[in-house]
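Working notes, beginning with the structure itself.
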Amino acid sequence: MPNQLREFVYLNEVSINNHLSSMGRGVPEEVVQQSGEETETSGNAKVGIPSVGLGAGGKRSYLDSDNLETRITVTGPYRFQELRDEIEDAGIPIHDGSNPSELSRGDVVEVSGKLKPMSLFKFEIAFKAFLDIMDNETQQYLQEIDYQDQQVQEEISEEDVEELKNMLNLIQRFAGDKIPLRADVDSHPFGIPLDRNHMRSNPERVFFEDREYTAFGRVENLVQDAEQWDPAAVTDIIDTYVPQEQTGEEMRTILKQVSREFNMQLSDEDFIIKSPGSIIHPIAVHW
């Protein structure tokens, strides 16, 4: 076991269990720890046999053993460490991303650095932040402390709020269950599409600021030659199978225009990962 602390913000326990099983290990549900204390008692003993007039003396001793059994429920982080130990014991290398040219599909990777929101998820974070600011209670509080001037108050109308909510709903429908992140290790981009169902913390709060995290997983795909990876499923499918339509690029252009209206600074790196790059199937993200 490592002598370090981990706080998991993302943990795919289904993937952990599948990998443990594929390596011939059962999935533990609990761990039994036993501890025992032994006490030795000794003394003198006398035995008399009246019928023959004999007496015998001797010493006696015995051990008193108390066994304590503790059952510990196995949680996801414990199984994650089990998987990591199994991988190391099997001699499977864990790449840190510093030599991307050596990576192949299926390799185990553990990359550390700032995880940046990409694509529609970046819009989702921004729009939710705007809606929080426009919340009635927040607006009232800002007015009380005289934070907003009259001009700003007049610029934000109920119609604006409703339009923003509709845009947020549309973005969430396009994004689905994926939370696309990007990590650059020595200028090599890694795409890390998280599954919302395995988040252990609020994703908007976790990735609102660029912070250092460690992502553990396996290489799912390599972005090579003139390829590119778009985390938005719709545009990625269009770019892959009907690139001549350029619909994916048109959608990204529209999103850039929308971002400028909200004073968001977006570049191509926020939308796509160009070759050479690597896409990770994430198993865990922690700090």
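The values are calculated or read from the model by the stated rules, or taken from the named source; none is laboratory data. These numbers were taken from a predicted model, which means no experiment stands behind them. Every residue, glycine as well, gets a Cβ built from its backbone with ideal geometry; the counts of neighbours run over all protein chains shown. Heavy atoms of the whole protein, side chains included, go into the accessibility calculation; ligands, DNA and RNA do not. Shrake-Rupley method; radii C 1.70, N 1.55, O 1.52, S 1.80 Å.
Using only protein heavy atoms and a 1.4 Å probe, report how much of H198 is accessible, in Å² to the nearest 10.
40
Based solely on C-alpha atoms, express the radius of gyration and the Dmax of the range 184-230 in angstrom.
So, for the range 184-230, Rg and Dmax equal 13.0, 36 Å respectively.
Tell me the net charge near G91. Cut-off is 15 Å between Cβ atoms, G91 excluded, with +1 for each Lys or Arg and -1 for each Asp or Glu.
-4
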